[in-house]
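Enquirer: This structure is in structure tokens; I'll ask about it shortly.
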Amino acid sequence: MPATPLVAAVALLALAGCGGEPVDAATPEVAASAAFGPDRAALVLTAFDQADSAASVAGDIEALKTQEVSPSLDLSIAAVRRSAYNQRPQPSFQHINPVFAVPAGEPTCFLATATLRLTGSELAPTDVSQFVLDADGQWKLSHNVQVTQPALVTARSIGGRPATSGGTALDVTSRKALAAEVFARSIGSTTSNRSLVASSPLLDGQFAGGWEVYGQQLAGVGAEVRRTMDRAEWSDCAVAVPTGTLTFLTLHVTDTLSPAPGGPATVRLEPQSPDLIAAGRSTAVRGKSIQVTRVETFLLLVPAQTVGTSLLGLNDTALTVTAS
């Protein structure tokens, strides 16, 4: 399902739902006799649009599972739940004018950039997706974000370039440093090297800003929240473009809500909390502490020297909510 712009709105004692919803993922049997290149990737994308768009409009989670894998699947399921809560079906979608970056040989992943046509909307955002080949030989969407307007030229520059696979486009040291800095910046902080990631209205403004507002709201009712990073994952495919390497970073994080010193004995999330809706919970959650696991996907452009990495787009959603 199509991603939507990040929203900084937050509800009292409800974590800021600042993520979007993805577009995305299944695929067909294509001629095995031809080498896999942009032409066959286009067939995959066309089949995906037909199947996944129908599943998104219908709110059919089981059908989405045949088209997508995490983290995109997590975002799509959350979007279905939000749509049901709001009693408003999602629009159908179609990717148009796509370009592709495909590894040589018989790839197990590829990248696509396209314009997203949404039924009933005058908006035509551009998104970047990664598809991966599962064990059954079916292509499924794994990553998807809509890119910011200044990033459109960079996103489309992947067209016709060979992608690398295996998740090793960046060295281990760079991957660890970038993941740590992106996480820190998402909560309005930094590591010892802020220059690793360029200043971004999306990351430092909307995303970190929403987190700050949420903390202020919690403080107003005697509660607080702490976010920790559980693990970082890098996409299978990446592509070198003139200005750097385009790749996806996925962070798995946990938010812990607890009473502030001198506050109430328990904390509570109300049924209308964006995170409860995304996690499929329909009743309030209350406890001495509440843990919210979530997944965050970032599309990064990493220069040759790593310093000054640009954020091109992101998605975020809650996965689970538990009380203790």
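The values are calculated or read from the model by the stated rules, or taken from the named source; none is laboratory data. Remember, it's a predicted structure, so these values are computed and weren't measured experimentally. Cβ: placed from backbone, ideal geometry, glycine included. Neighbour counts: every protein chain shown. Surface areas here come from the heavy atoms of the whole protein model, side chains and all, with no ligands, DNA or RNA. Shrake-Rupley method; radii C 1.70, N 1.55, O 1.52, S 1.80 Å.
Enquirer: Just need a number here: residues in region 93-129 that are touching a Lys or Arg at 6+ places or on another chain (Cβ under 6 Å) and not hydrophobic (A, V, I, L, M, F, W, C).
Expert: 2
Enquirer: Take region 200-248 and flag every residue that is under 30 Å from Leu269 (Cβ atoms), of a type in the set (Ser, Thr, Tyr) and surrounded by fewer than 17 Cβ atoms within 10 Å (Cβ to Cβ).
Expert: Matches in region 200-248: Thr228 only.
Enquirer: Just name the residue that is nearest to Gly59 (Cα to Cα) out of those in region 89-128 that are of a type in the set (S, T, N, Q) and touching a helix residue (DSSP H, G or I) at 6+ places or on another chain (Cβ under 8 Å).
Expert: Gln90
Enquirer: Still on this structure, please answer the following. Would you mind stating whether Val197 is surrounded by 15 or more Cβ atoms within 10 Å (Cβ to Cβ) and either modelled with pLDDT under 95 or over 21 Å from the mean Cα position of the chain (by Cα) (or both)?
Expert: So Val197 fails the test.
Enquirer: Kindly indicate whether any position in region 82-96 is aliphatic (A, V, I, L, M), in contact with a strand residue (DSSP E or B) (Cβ under 6 Å, 6 or more places away or on another chain), assigned to a loop (DSSP other than H, G, I, E, B) and over 30 Å from Gln272 (Cβ atoms).
Expert: no
Enquirer: Something else about it: Return the total of residues in region 141-174 being in a strand (DSSP E or B) and either of a type in the set (Gly, Ala, Ser) or open to solvent by 50 Å² or more (accessible area, probe 1.4 Å) (or both).
Expert: Here the count works out to 3.
Enquirer: Quickly run through region 249-263 and pick out the residues that are open to solvent by 10 Å² or more (accessible area, probe 1.4 Å) and touching a residue at least 24 places away in the same chain (Cβ under 8 Å).
Expert: Once the filter is applied, which keeps residues that are open to solvent by 10 Å² or more (accessible area, probe 1.4 Å) and touching a residue at least 24 places away in the same chain (Cβ under 8 Å), region 249-263 yields His252, Thr254, Thr256, Ser258, Pro259, Ala260, Gly262, Gly263.
Enquirer: Of the residues in region 72-114, how many are open to solvent by 30 Å² or more (accessible area, probe 1.4 Å), closer than 16 Å to Pro38 by Cβ and of a type in the set (S, T, N, Q)?
Expert: Residues in region 72-114 being open to solvent by 30 Å² or more (accessible area, probe 1.4 Å), closer than 16 Å to Pro38 by Cβ and of a type in the set (S, T, N, Q): 1 in total.
Enquirer: Across region 175-194, what is the total count of residues that are part of a helix (DSSP H, G or I) and at pLDDT 95 or above?
Expert: 12
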